[in-house]
Each structure stands twice: as structure tokens, then as C-alpha cells.
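Working notes, structure below.
The values are calculated or read from the model by the stated rules, or taken from the named source; none is laboratory data. Given the structure is predicted, the values throughout are model-derived calculations rather than measurements. In this analysis, Cβ positions are derived from the backbone assuming ideal geometry, glycine residues included, and neighbour counts consider all displayed protein chains.
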Amino acid sequence: MHMYQWEQFQGANQELLRQQQQPAIIENEIREGQVEYERMAYLRVQQQYRQAYEQLLGMNSDSFSITKAVFIIENAFNDNQLSFEKYLKAIKAKTDLCRQIMKSEKLNPNDNLAKNYAIQKLFSGGAKVYDKRSQSLQLLKSLRYDFEDFRALKDWTKMFVTKLLNAGTGQCHSLPLLYKIIAEQLNATVWLSTAPEHSYIRFPSNNGNIYNFETTQGKVVSDQAIVMSGYITPTAIKNKLYMDTLSRQQLIAQMLVDLLQGYRERIKAHDQFAEEIADQILTINPNNIMAILMKADMKTFQFEYAANNIGRPPVDKLPLFPDVYKLFTERNELYDQVDNLGYRAMPAEAYQQWLKSLKVEKRKQESEMLQEEIKRMIMNPNKPTLINKKK
């Protein structure tokens, strides 16, 4: 073959080979581009959450604001796209309605119990308030429970106060937070309290007793009604996992729990930053059950990954691999701590059944009696008001 023909032949072969390889090259470039895009997106989310984390830690117990903390957490999940001004305007509108309720019912605006009563009217509805648009009195609608995806398994924003403010519906996470936020605006004393898969409000009365307000029902409820879930063990109560009034430090820890849960929902994984947040929560509140459970989950993931890399040896052989055995031990210690604190996991079906139990006639009558008792205390100005109970 002539040299010129040979070069043409070689060139044609190379061109054919290049054409054959082109789809694989393009596919590889697309794959590498996708990996880089996902890496940059992950780093952006982590940066946003680290900024939010530092902002929350910057609030000490004296400067802490639940109003600001909730916005920081929800804004981080929404890529810092939320408007703080719009958020505050919506909060102010709810707070003004509470002031209007106190004024229309001729209640003392400085009385702590009267403030709580007004917030509860906002949640339960039925109060008559002046509407600027119609320039007439309108019946206030209740804030409703959102039964759809109430555990936010499909849409994490179902957990958010901003969603509640926009839609008028929320669940056992967002509703108590909104109550606490409005109470902060009114300078009212209330506490956030927890139960399995649940949170609610506790508030002091004028006679020194502490009452429970169930925001999902818009009713004052007894301790017995809370315990009825069947998943609150005596050990858990003793260790103050549930049915306790969260101190300001414990509330800060709980806000960090919300931040961590949102971060894990965004990245769909565990990383060193997530573990850092969990460790910080447990430094503030060593018995925070959600942080312990999340850290146990992280250690389980780390152990499973490490064990798979060494061929998953039997448990009695794990001490031969010190790093893997350390993860195994740490995981087991965390789950032992969970058991020792008295935690019991509550299925979604059991939670729904418990919510329904609050509506039975006996519980309705009990709630009405408690509400009447509170109203009598408000109308009797001679009894002292408990305003500054400290934790």
C-alpha cells in the first residue's frame, strides 16, 4: 500500500475510533459534571447551615430569641430565600389579634394568664375581632391541624412556622413554636414541652399551678391526657425526657435539633458537620433524646460502612479491628443510653390514635372545666399572677 494511502487508512481508523469512543467520552464528561455539580451544591448547603449554626450558638441564654431562632432554621433550609420582614409582619399580625382579644374582653394586658388566654383564643378560634378590610367584627377562625404528611416525610417544610403562617395549618411541631413566638412578642411566660413525637405548651396560672395547652386541639388538657399516649414511661418522666418545662438552655438545644434535622433532610446523608451539631446539642443538654437517637443513627451508619469494608467479620472478631470495634462500642453505648432514659418509639398510627383520644367526651368535658377554671382566675384580679417563674 502506498504511504499516502496508508496514512489515509490510519486516519480513517482513528476517526472511526474517535466516533465510537465519543458517546462514552461525553457520558463520562456528563457524569463528572454531575458529580461536581452535586459536590458544589452540597458545599453550598453546608455553608448555609454552618452560618445558621453559628448564629444560633451566638445567642446565649440572655440574648436568645425564639422568634429569630425559628427564622434562622427555616431560612437555612430554604437557601436563605425567606424574607425576615415578611415573617415579622405575619407574627405581628397574630400578636395584634391577641392584644385585640384582650382589649375586647376587657382583660388586663399586663396579666400573664390573660396573655395566654388571648393566644389560646387565637388558636381555638371563636373570638370576635375587628377586620380592617371589611371594617366590621369578624369571627376569628381557628388555626387548624394539617393531617396530610403530618410527620413531614414527603415535605420537610410541613414542620415550619413560615408554612403555618402562610397556610393557616400546622402540626405538633410548628403550632407550639408559633404559640411560643407570640408569647415572646407579648412578654408572656410559657414553656415548650415535649412528649413522644410531639410538643405542646405549658403555662403558669395565677394560683401557682402549671397547665398544658394542646395546640393541635386548641384546648387546655390535663397531664393525664398527655400520658394517655401510652409511650411515656415513668423512667422517661424521671429523666425529664417528657412533660417537663424546657429551660432556655434546653430550648436552645431543641432549636439545634431542628437545625440538624433540616440539614440531614437537605443532604440526605451523615457527615462530620452533622455529628458536630449533635455533639454540641448533647453538651448543652446531655439527655436530649432526639440528639442521642440521631447520633446513634450516625454511628450505626459509620459502623456498617466500616464493617463492610473489612468483610463483615463476626462480632467476636471485631476487637481485631480497633477502629471498627470502637464504632461498634460507641453505637451500642448510645442505644443503651436511649433504653436507660426510658425512651419508647411511637408509631405514627399510635400517635394518630392518641390525638383522637383527646376528642372523646370525657376529655372534652375535662378540657372545658380547666378552661373555665382559668377564665375565673383571669376575672379575679385579687389573686397574684405568676409571671417570673425561672428554670
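Please work out which residue is nearest to N206 (Cα to Cα), limiting yourself to the range 85-125 and to residues that are touching a residue at least 12 places away in the same chain (Cβ under 8 Å) and exposed (fewer than 14 other Cβ atoms within 10 Å of the Cβ).
N108
Tell me whether the range 322-340 contains one or more residues that are assigned by TED's automatic domain parsing to the domain that holds A225, in a loop (DSSP other than H, G, I, E, B), free of Cβ contacts under 8 Å to residues at least 60 places away in the same chain and at negative phi. If you could, list the steps in order and put the result at the bottom.
So the first thing to find is which residues in the range 322-340 are assigned by TED's automatic domain parsing to the domain that holds A225, and the list is 322-340.
Next cut, in a loop (DSSP other than H, G, I, E, B) only: none.
Checked the range 322-340: no residue is assigned by TED's automatic domain parsing to the domain that holds A225, in a loop (DSSP other than H, G, I, E, B), free of Cβ contacts under 8 Å to residues at least 60 places away in the same chain and at negative phi.
Restricting to the range 160-184, what's the tally of residues that are surrounded by fewer than 20 Cβ atoms within 10 Å (Cβ to Cβ) and either within 20 Å of L259 (Cβ to Cβ) or not assigned by TED's automatic domain parsing to the domain that holds N78 (or both)?
Taking the range 160-184 and keeping what is surrounded by fewer than 20 Cβ atoms within 10 Å (Cβ to Cβ), we get 166-169, 184.
So of that shortlist, the ones also either within 20 Å of L259 (Cβ to Cβ) or not assigned by TED's automatic domain parsing to the domain that holds N78 (or both) come out as 184.
The qualifying residues number 1.
For A350, all conditions in the list (1) assigned to a helix (DSSP H, G or I); (2) at pLDDT below 85 hold save one; what is the number of the exception?
For A350, the failing item is (2).
For the range 148-159, does any single residue satisfy the condition of being outside any loop (DSSP other than H, G, I, E, B), in contact with a strand residue (DSSP E or B) (Cβ under 6 Å, 6 or more places away or on another chain) and buried (at least 22 other Cβ atoms within 10 Å of the Cβ)?
Residues of the range 148-159 outside any loop (DSSP other than H, G, I, E, B): 156-159.
Checking which are in contact with a strand residue (DSSP E or B) (Cβ under 6 Å, 6 or more places away or on another chain) leaves us with none.
Scanning the range 148-159, I find no residue that is outside any loop (DSSP other than H, G, I, E, B), in contact with a strand residue (DSSP E or B) (Cβ under 6 Å, 6 or more places away or on another chain) and buried (at least 22 other Cβ atoms within 10 Å of the Cβ), so the answer is no.
Quick one: which of V227, V161 is over 24 Å from E265 (Cα atoms) and either in contact with a Cys (Cβ under 6 Å, 6 or more places away or on another chain) or not small (G, A, S) (or both)? Write out each step before concluding.
Numbers: V161 fails: over 24 Å from E265 (Cα atoms).
V227 is the lone residue from the list that is over 24 Å from E265 (Cα atoms) and either in contact with a Cys (Cβ under 6 Å, 6 or more places away or on another chain) or not small (G, A, S) (or both).
Listed here are the residues, each with its yes/no results for (1) at pLDDT 95 or above; (2) in contact with a helix residue (DSSP H, G or I) (Cβ under 7 Å, 6 or more places away or on another chain); (3) buried (at least 21 other Cβ atoms within 10 Å of the Cβ).
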{"site": "F213", "(1), (2), (3)": "yes, yes, yes"}
{"site": "Q224", "(1), (2), (3)": "no, no, no"}
{"site": "A253", "(1), (2), (3)": "yes, yes, yes"}
{"site": "L256", "(1), (2), (3)": "yes, yes, yes"}
{"site": "H270", "(1), (2), (3)": "no, yes, no"}
{"site": "N308", "(1), (2), (3)": "no, no, no"}
{"site": "V315", "(1), (2), (3)": "no, no, no"}
{"site": "K326", "(1), (2), (3)": "yes, no, no"}
